[in-house]
1. For the pair residue 143 and residue 196, how long in nm is the line joining their label points, each one 7 Å along Cα→Cβ?
2. Over region 120-173, give the accessible area per residue in Å² for a 1.4 Å probe, as an integer.
3. Once both labels are modelled 7 Å past Cα along the beta-carbon direction, what's the residue 133-residue 98 spacing in nm?
4. Please list 128, 3 in order of solvent-accessible area, largest first, computed with a 1.4 Å probe with all protein chains present.
5. Return the FRET efficiency for the residue pair residue 84, residue 161: r is the Cβ-Cβ distance, R0 is 30 Å, and the value is rounded to the nearest 0.05.
6. So what does residue 135 come to for accessible area, using a 1.4 Å probe and Å² rounded to 10?
7. Mind ranking 100, 121 by accessible surface for me, highest first, 1.4 Å probe?
8. Classify region 123-197 as rounded, prolate or oblate, taking a ≥ b ≥ c as the square roots of the eigenvalues of its Cα gyration tensor: rounded when a/c is under 1.5, otherwise prolate if a/b is larger than b/c and oblate if not.
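The values are calculated or read from the model by the stated rules, or taken from the named source; none is laboratory data. Worth saying up front: this structure is predicted, and the values here are computed from it rather than measured. With ideal geometry, Cβ positions are generated from the backbone for all residues, glycine too; neighbour counts draw on all protein chains shown. Surface areas here come from the heavy atoms of the whole protein model, side chains and all, with no ligands, DNA or RNA. Shrake-Rupley method; radii C 1.70, N 1.55, O 1.52, S 1.80 Å.
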Amino acid sequence: MIRLAVAMAAALAVLAAAAMWWPGDPAPPPAVAAPVAADTAEGPPPVLAPAAPVLVSEVPPAPSPAPSDARPAPGVDAVIAPRVRPAAAESLRRARRDGDPRTPPVAPREPRVPPPQEVLDDPELYSRYEQGERMAVYASFMAASQRRIGELEALVAQGERDGLPPEQLAEGRRKLEGLKARRQELLSRFPGLAPTD
C-alpha cells in the first residue's frame, strides 16, 4: 500500500513538472474585421476566410557597438576598411579616370581577310587555311617576344645596377625566363619559326 502511494505521488510529481514545462496554446489568429455594408438590404456580407496565423520569430537584441579598435570575434563576418595612403587613393582615382600610364599601347591590328568561298566549302582547304592563320599568330609572337626579351634583359640589368629590391628583380627574371621558355617550346614544335637572320 505504501509502495502504491509512493508510486502515485511520483507519477503526480512528474505530471506536474511536465505541465509546467508544456508550451501554452498558440495565440489565436487575429480577427478579420468584416466590411460594413452600406445597405443591409443587399444581402448578407461576404464570407471571409480566416487569416493565416502570423509567425513572429524572436529577434535577438542588437549588440552594443564595439570600440573602433576591437576586432570581431572569430567566425563573425565583418568588413574592415583598409587604411589607404592618400597618395595611393589619388593615384587609383586618376588611373580609373585617365587610365594607367604604365599600360603598353595596344598594337594596331590588320583587318582580317576572310577566306574565299571555295576554301569555306572544302574541309581540307579550310584546315590548311586555319593552320596558316595559327602559324601567322605564332610568327607574330616570335617577332614580338624577341624584342621583348631584349627589353627585359636591359631592364633587369639596369635594376641590378640601381639596386632594386630582390623581389622585383626576381619577378623580372621570372618573366624573362617564361618568355624564353615559351619561345623555345614553339621552336621545338615548329622549327620553321626560327629567325632567318
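1. 1.2 nm
2. On the way: 3800 Å² over 54 residues.
Ligands and nucleic acids excluded, the result is 70 Å² per residue.
3. 4.0 nm
4. Values: 128 145, 3 210 Å².
Ranking 128, 3 by accessible area, largest first, yields 3, 128.
5. Computed FRET efficiency for residue 84 and residue 161: 0.40.
6. Ignoring ligands and nucleic acids, residue 135 comes out at about 50 Å².
7. On the way: 100 60, 121 105 Å².
The ordering from most to least exposed comes out as 121, 100.
8. Details: a/c = 3.73, a/b = 3.06, b/c = 1.22.
Prolate.
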